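Colleague: Have a look at this one.
Computed from the coordinates by the stated procedures, all read-outs in this text should not be read as laboratory data. Keep in mind that what you see is a predicted model, and the values were worked out from it rather than measured. Don't worry about glycine lacking a Cβ; one is built from the backbone with ideal geometry, like all the others, and counts go over all protein chains shown.
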Amino acid sequence: MTTTSPENQQATVHRPSVRRFILPIAVALTVLFCLAPILWELLTSFKTDDAIAEIPNVYFPSPNQLTLDQYQKLFERRPFLNYLFNSFLVSLASTVLALGIGAPAAYALARLKLQGERIILAGVLIVTLFPPILLFLGLLDIVRYLNLGNNYLSLIIPYTAINLPLTILVMRSFFQQLPKDLEDAARVDGYSTPRMLLDIVLPMTLPALATTGILTFIAAWNEFIFALTFITREDMKTVPVAGAQLGGASPFEIPFGPIAAATVLGTIPLVLLVLIFQRRIVQGLTSGAVKG
Amino acid sequence: MVDYVRAQERRTGWLLTIPAIAVLALVFAYPILRAVWQSFFTINLGNQLSPAFTGLDNYARMAQDGRFWNTLWNTTIFTVATVSLELVLGMGIALVLNQSFRGRGIVRTIAILPWALPTALIALAWTWIFNDQYGVVNDILLRLGLIQTGINWLGNPTLAMISVIVADVWKTTPFISILLLAGLQSIPSDLYEAQAIDGASPWQSFRQVTLPLLLPQIVIALLFRLAQAFGIFDLISVMTGGGPGGGTETVSLYIYATVMRYLDFGYGAALVVVTFLLLVLVVAIASFFLSRSRKRASGAV
């Protein structure tokens, strides 16, 4: 730290000009890295079959190489709107449930003195590290026992559960930052705890609920193993599973175009969420992971 | 009176917490405990799925099961490769996103996009990118003159492993960048100014200021990613299905095939138990080493 070699001093002197060249290149590489695969899939979904199969690849198709056929073929082959609806339903329901169950628990863990609070928190933290593959076998038992196969509940309940730890951690750190004065004042005014929660705390909590809800919605939309295992009826499948199972008319024909179209349609809702709520997503992820 | 209020508060507290605990117990605790119990039984097509107590037979079988050891090896390679690549790349991207430049907001949004998209669909996109006939990777390599004929990326065990690693690095690096960026933003800039006055090079201030102060975020990112990578399923399942010839089959895929294809529930349960214990072990070792290096780092600063 105290000894500085001449080269290093030179590097410091040259730093601004180096930055001027390196930074734009680094930014461009970052953007390219993150966008290129998505853009390629987007481009493929709008190409004609001939343009898709042209070698060398067509990166800048002419107008007659562009078409909406791939989307049309996708809808002819599969009930893709159904898949989108299923994904929406399951993701929304499990988000509402995770918030409805998780936020009160987070409040209790942040504000009320519970015995065994540390054990509960430790449990919640450990559970975030469980991959779903360890759970599907036991859940399969429950699904069979309760006869929930091909029932949206077989997804809504596990999705609620896998989102609970994050909900509890994010909401707890939010409640801890919330000034306690209002709650104390409400108590002095004679509010009971439940009424105080509903009338005073809940309205202040809405932004944090939105932040958490976006994260849980994304996680539920993207889930794969449970959706693959518990739902076998074609019209009840969710987008990731249905997309992954898109096959051709014969084993030799892989429908690259419709697959690209399905990928684009299945990711659009999430792209929109990210574009609109970028700040909230970052905020939620960091407060959930770091402060937890 | 105070006692009464405290008791009432406690009761409310439990009422608010119990639904969450119940759901977590049902979906997390029950399946693990159930797997432990089932792992002592033989439940497969050989006995018409009627459980027969066989003690530790399933575990003994696992020790002899070459396919299991192969999947464990694949899982280890996948985990070590993806997590270390993602950490380095995620750090680089976080450092870039932490600079001030025009359009930073948009670039930050773009940089979290891969993380938010459904893995199964992203796996389809990467299958297409690595396609042997029409894939972009081959097209670029051919245009650059680096290869003469297209490479069959997903048709060779080693190349297929590289392909799934690349796809996973693309998909999950943003998660690490987000966490590290948040950490970078919390480092006070006067620390860097003091370093610059001391004549430190960028690399030196990175080593002496950034890395030690970023360690908590690095630890957390590592723990999450280790666990996720160890349980990888959807990406590999869609891209290669574990093939070719088991070259990319991870423990998760083997568990799934054992249960859903071979209907060997007892053995599947034993695989779940062992994977769970290994995961606990990996996470415990990682957190032990990291907390030790954390202490050493904070001692140095």
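Colleague: Output the relative contact order of chain B, whole-number percent, from Cα pairs under 8 angstrom with separation of 6+ residues.
Modeller: Reported relative contact order: 29 percent.
Colleague: Looking at the stretch A:137-292, what % of the alpha carbon pairs are farther apart than 19 Å?
Modeller: Working: 8100 of 12090 pairs.
Everything past 19 Å amounts to 67 percent.
Colleague: Could you work out the mean count of beta carbons from other protein chains within 10 Å of each residue's beta carbon in B:96-109?
Modeller: On the way: counts 9, 3, 0, 5, 1, 5, 2, 2, 1, 2, 3, 5, 4, 10.
The shielding value for this peptide is 4.
Colleague: Which of the peptides A:100-111, B:153-164, A:83-94 is most tightly packed, and how do the rest follow, going by the mean number of other Cβ atoms within 10 Å of each residue?
Modeller: Values: A:100-111: 23.9, B:153-164: 18.8, A:83-94: 20.4.
In decreasing order of mean packing, A:100-111, B:153-164, A:83-94 become A:100-111, A:83-94, B:153-164.
Colleague: Across the protein assembly as shown, how many lysine pairs, 8 or more positions apart or on different chains, have C-alpha atoms separated by under 23 Å? Please give the number. Please report the intermediate quantities before stating the final value.
Modeller: Details: A:47/A:73; A:73/A:237; A:113/A:180; A:113/A:291; A:180/A:291; A:291/B:295.
Lysine pairs satisfying the spacing and distance rule in the protein assembly as shown number 6.
Colleague: Something else about it: What is the ratio of the Cα radius of gyration of the protein assembly as shown to 2.2 N^0.38 Å, where N is its residue count, to two decimals?
Modeller: Taking N as the residue count of the protein assembly as shown, the ratio is 1.03.
Colleague: While we're on this one: Two decimals, Cα atoms only, Kirkwood Rh: what is Rg/Rh over chain A?
Modeller: Details: Rg = 25.0 Å, Rh = 22.9 Å.
Computed over Cα atoms, the ratio is 1.09.
Colleague: Here is a further query. For labels at residue A:150 and residue B:263 in the simple 7 Å Cα→Cβ model, what's the distance in nm?
Modeller: Each label point lies 7 Å from its Cα, and together they span 1.8 nm.
Colleague: Let me ask something else. Averaged across the residues of A:32-41, what count of C-beta atoms belonging to other chains lies within 10 Å of each residue's C-beta?
Modeller: Values: counts 1, 9, 13, 4, 3, 12, 7, 0, 6, 7.
The mean count of partner-chain Cβ atoms within 10 Å per residue comes to 6.
Colleague: Quick one: what does P(r) look like for chain B with 10 Å bins over all Cα pairs, in whole %?
Modeller: 5, 19, 24, 23, 17, 8, 2, 0, 0
Colleague: If we count every other residue with Cβ under 15 angstrom of residue A:37's Cβ, Lys/Arg +1 and Asp/Glu -1, where does the sum land? Can you show the working numbers first?
Modeller: Numbers: positive: B:171; negative: A:41, B:139, B:168.
Summing Lys and Arg as +1 and Asp and Glu as -1 gives -2.
Colleague: Roughly how many Å is it from the Cα centre of the stretch A:104-166 to that of the stretch B:173-203, as a whole number?
Modeller: The two parts, judged by their Cα centres, are 37 Å apart.
Colleague: Expressed in nm to one decimal, what extension gain is obtained for the pair residue A:21 and residue A:180 from 0.36 nm per residue of sequence separation less their Cα-Cα distance? Mind dumping the intermediate values first?
Modeller: Numbers: separation 159, 0.36 × 159 = 57.24 nm, distance 4.99 nm.
Residue separation times 0.36 nm, minus the Cα-Cα distance, leaves 52.3 nm.
Colleague: Which order do the peptides B:169-176, B:278-285 take when ranked by the mean count of other beta-carbon atoms within 10 Å per residue, highest first? Walk me through the numbers before you get to the answer.
Modeller: Numbers: B:169-176: 24.1, B:278-285: 14.2.
Result, highest mean Cβ count within 10 Å first: B:169-176, B:278-285.
Colleague: Next question. Dipole of chain A, Cα-centred, from +1 at each Lys and Arg C-beta and -1 at each Asp and Glu C-beta, to the nearest 20 debye?
Modeller: Values: 20 positive and 18 negative charges, 171 e Å.
With only Lys, Arg, Asp and Glu charged at Cβ, the dipole is about 820 debye.
Colleague: Then there's this: Residues of B:219-227, mean number of Cβ from any other protein chain within 10 Å of their own Cβ, rounded to a whole number? Intermediate results must be reported in sequence, preceding the final value.
Modeller: Details: counts 1, 5, 2, 0, 4, 3, 0, 1, 5.
For this peptide, the per-residue mean of nearby foreign Cβ atoms is 2.
Colleague: Relative contact order, percent, of chain A when contacts are C-alpha pairs under 8 Å separated by at least 6 residues?
Modeller: Numbers: 260 pairs, mean separation 87.1, N = 292.
Value for chain A: 30 percent.
Colleague: Now for a different question. State the answer as a single residue: which of A:27, A:283, B:50 lies farthest towards the positive end of the charge dipole of the protein assembly as shown, with beta carbon charges of +1 for Lys and Arg and -1 for Asp and Glu, about the Cα centre.
Modeller: The residue sitting farthest along the positive end of the dipole is A:283.
Colleague: Please report A:180, A:237 as a ranked list, fewest other C-beta atoms within 10 angstrom at the top and most at the bottom. Don't skip to the answer; put the middle values down first.
Modeller: Values: A:180 10, A:237 23.
Least to most surrounded, the residues fall as A:180, A:237.
Colleague: Turning to a different aspect of this structure: Filter the chymotrypsin sites (Phe, Trp or Tyr not before Pro) in the stretch A:51-81 down to the DSSP loop ones having no more than 15 other Cβ atoms within 10 Å, then list what survives.
Modeller: Numbers: sites: A:59, A:71, A:75, A:80; in loops: A:59.
Sparse-neighbourhood loop chymotrypsin sites (Phe, Trp or Tyr not before Pro): A:59.
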